[in-house]
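The values are calculated or read from the model by the stated rules, or taken from the named source; none is laboratory data. This one's a predicted model, so the numbers in the text were calculated from it and none came from an experiment. Glycine also receives a Cβ, built like all others from the backbone with ideal geometry; neighbour counts cover every protein chain displayed. Side chains included, ligands, DNA and RNA excluded: accessible areas come from the protein's heavy atoms. Shrake-Rupley method; radii C 1.70, N 1.55, O 1.52, S 1.80 Å.
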Amino acid sequence: PQNYQLGAGDNLIIDIWGASQETYEEKVTPEGNIIIDNIGPIYLSGLTIEEATIKIKKALSNIYAGIYDGSTFMKISLGAVRSIKVNIVGDVNTPGSYTLTSLATVFNALYMAGGTSVNGTLRNVKVIRENKTIAVIDIYDFLLKGEQKNNIRLQDQDIVFVSPYNARVEIQGEIKRPGYYDMQSGETLSDLVYFAGNYTGKAYWRWIKVLRKNGIENHVF
């Protein structure tokens, strides 16, 4: 992706064609540079592919004059990507430290950890970076709408934290997807019905029974 941020260990392939023909394959050093013959080090760590392309093009124009007059062309692609360590903790099936590619997202990390456990929430998955929460993901957005809000690309030493569910409600009867659903503060019966795929054609939705347990007794509404 053009917004992919380069880091130590990434491998760049630089193709030159047209009036001149050349291919460079350079690895980003631990200091964040690539080193090209007759040019020297070019610092790229933290730059996106798009930003790196502009910087490398400017540097290569010193030895390939045709780059700016249109007789020589340049293309940069990413070869082998670096590996990162990500910690996945909380209510997941297999918590621990995982080695992923630097292209991995939060969903990829959760998949590696076996998904959330029976007590884990799908509504409040946090990404913690340098002791700050940088993203909170509601996986229902993906499951119900196909949206990947905040499914960000992870970085080295990120923490993916899955907290226990806050409130879980069971819905049964003439509903398309009966089961248990995590509910957030402020959500209503209408939200629950939406999560469950709405009523079936046989449903008599004017009569709904709600059973609530308060720790002492059951209430029926």
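Residues that are open to solvent by 70 Å² or more (accessible area, probe 1.4 Å) and out of contact with any helix residue (DSSP H, G or I) (no Cβ under 8 Å at 6 or more places or on another chain) were ranked within the range 53-62; the one that is nearest to Gln2 (Cα to Cα) is Ile54.
The condition of being crowded, with 16+ Cβ neighbours inside 10 Å and at pLDDT 95 or above does not hold for Val81.
Residue-wise test of (1) open to solvent by 50 Å² or more (accessible area, probe 1.4 Å); (2) within 15 Å of the chain's Cα centre (by Cα); (3) of a type in the set (S, T, N, Q); (4) more than 21 Å from Leu110 (Cα to Cα).
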site: Ile137; (1), (2), (3), (4): no, yes, no, no
site: Ile159; (1), (2), (3), (4): yes, yes, no, no
site: Pro164; (1), (2), (3), (4): yes, no, no, no
site: Gln172; (1), (2), (3), (4): yes, no, yes, yes
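Look at (1) open to solvent by 30 Å² or more (accessible area, probe 1.4 Å); (2) more than 18 Å from Leu154 (Cβ to Cβ) and you find that Val89 fails only one, number (2). Does the range 59-74 contain at least one residue that is more than 16 Å from Ser20 (Cβ to Cβ) and not hydroxyl-bearing (Ser, Thr, Tyr)? No - not one qualifying residue is present in the range 59-74. Exactly one residue among Lys126, Lys132 is over 14 Å from the mean Cα position of the chain (by Cα) and either among the small types (Gly, Ala, Ser) or within 18 Å of Arg153 (Cα to Cα) (or both), and that residue is Lys132.
Out of everything in the range 23-59 that is part of a loop (DSSP other than H, G, I, E, B) and of a type in the set (D, E, K, R), what residue ends up being modelled with the highest pLDDT? By that ranking, first place goes to Glu31. Could you grab me the full set of residues in the range 119-164 that are assigned to a loop (DSSP other than H, G, I, E, B) and in contact with a Phe, Trp or Tyr (Cβ under 9 Å, 6 or more places away or on another chain)? Asn119, Ile139, Gln148, Lys149, Asn151 - these are the residues of the range 119-164 that are assigned to a loop (DSSP other than H, G, I, E, B) and in contact with a Phe, Trp or Tyr (Cβ under 9 Å, 6 or more places away or on another chain).
Applying the set (1) in a strand (DSSP E or B); (2) within 19 Å of Thr121 (Cα to Cα) to Tyr194 leaves exactly one unmet item: (1). Being in a strand (DSSP E or B) and in contact with a strand residue (DSSP E or B) (Cβ under 9 Å, 6 or more places away or on another chain): is that true of Thr94 here? For Thr94, the condition - in a strand (DSSP E or B) and in contact with a strand residue (DSSP E or B) (Cβ under 9 Å, 6 or more places away or on another chain) - is not met.
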